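The values are calculated or read from the model by the stated rules, or taken from the named source; none is laboratory data. Since the structure is predicted, the reported quantities are computational estimates derived from the model, not experimental observations. Cβ coordinates were reconstructed from backbone atoms using ideal geometry, including for glycine residues, and neighbour counts include every protein chain displayed.
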Amino acid sequence: GAAGTAGLADTADTAGTTGREDMAGRRGMRGDDAMTRSEERMHVGIEQHEVGRARLRKYVVTEEVEQTVPVRHEEVRVEREPITDANRDEAMAGQELGEAEHEVTLHEERAVVETETVPVERVRLTTEEHIENETVRGQVRKERIEAETEGITEDDIRRGRE
């Protein structure tokens, strides 16, 4: 039936009436003395709805990093040593008196920075299901049946006499 009228289709023509008129109308339609009482039942289902989106976005940031590295360099130092008997022969093997030059090349280390791209982690989106209990409330309608008696006691009704 239409929404909100489930179980009431057979009572629509007798709405607002009670007692013998109602029973007489039903008795004439069904041919017995019984009346059916109906109730609505609440059935709760689940629907899935989209509630949002999540995405991964990759972007680049630049940050300053600092690292200390040891570097060497050479410095010139003039060493003078007196001529002794032990080094006299070596000292005399050189040139005679005159002008001469001796050159030493100095070296130093410098820090050089290079960068390389290396993979460090994999990132993915996943979903987790969490189950929560949700209480649902609704209204259901129920038919009630009353007996109107004229000249019959409740004991007679209980015993099934009219």
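Residue by residue through region 72-101, note down the ones that are farther than 30 Å from VAL112 by Cβ and among the hydrophobic types (A, V, I, L, M, F, W, C). Let's see the steps before the verdict.
Here is the first cut: in region 72-101, the ones farther than 30 Å from VAL112 by Cβ are 78-101.
Matches in region 72-101: VAL78, ILE83, ALA86, ALA91, MET92, ALA93, LEU97, ALA100.
Filtering region 10-38 down to residues that are loosely packed, with under 11 Cβ neighbours inside 10 Å and acidic (Asp, Glu), which residue is modelled with the highest pLDDT?
Result: ASP33.
Rundown of residues vs (1) in contact with a strand residue (DSSP E or B) (Cβ under 6 Å, 6 or more places away or on another chain); (2) assigned to a loop (DSSP other than H, G, I, E, B); (3) not aliphatic (A, V, I, L, M), yes/no style:
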| position | (1), (2), (3) |
| --- | --- |
| ILE83 | no, yes, no |
| ALA91 | no, no, no |
| GLU96 | no, yes, yes |
| GLU99 | no, yes, yes |
| HIS102 | no, yes, yes |
| LEU106 | no, yes, no |
| GLU116 | no, yes, yes |
| ARG122 | no, yes, yes |
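Residue by residue through region 95-113, note down the ones that are hydrophobic (A, V, I, L, M, F, W, C) and more than 60 Å from the chain's Cα centre (by Cα).
Residues satisfying the conditions are LEU97, ALA100, VAL104, LEU106.
Kindly establish whether GLU134 is more than 30 Å from ARG57 (Cα to Cα) and in contact with a strand residue (DSSP E or B) (Cβ under 8 Å, 6 or more places away or on another chain).
No, not satisfied.
Report yes if some residue within region 65-72 is closer than 30 Å to VAL104 by Cα and either at pLDDT below 95 or in contact with an Asp or Glu (Cβ under 7 Å, 6 or more places away or on another chain) (or both); otherwise report no.
In the first step, residues of region 65-72 are kept if they are closer than 30 Å to VAL104 by Cα; the result is 68-72.
With the extra rule that they be either at pLDDT below 95 or in contact with an Asp or Glu (Cβ under 7 Å, 6 or more places away or on another chain) (or both), the set shrinks to 71-72.
Looking through region 65-72, at least one residue is closer than 30 Å to VAL104 by Cα and either at pLDDT below 95 or in contact with an Asp or Glu (Cβ under 7 Å, 6 or more places away or on another chain) (or both).
Name the single residue, out of those in region 123-151 being surrounded by 10 or more Cβ atoms within 10 Å (Cβ to Cβ) and of a type in the set (Asp, Glu), that is modelled with the highest pLDDT.
GLU143
Quick test for you: out of HIS107, HIS102, pick the one residue that is over 30 Å from HIS43 (Cα atoms) and in contact (Cβ under 8 Å) with a residue 24 or more places away in the chain. Even if it seems obvious, please write down each step before you answer.
Working: HIS102 fails: in contact (Cβ under 8 Å) with a residue 24 or more places away in the chain.
From the options HIS107, HIS102, the qualifying one is HIS107.
Quick one: what pairs do we get from region 131-149, first residue in contact (Cβ under 8 Å) with a residue 24 or more places away in the chain, second in a loop (DSSP other than H, G, I, E, B) and aliphatic (A, V, I, L, M), C-beta under 7 Å, 6+ apart or different chains?
Within 7 Å, the pairs are VAL136/VAL44; GLY138/MET42; VAL140/MET42; ILE145/MET35.
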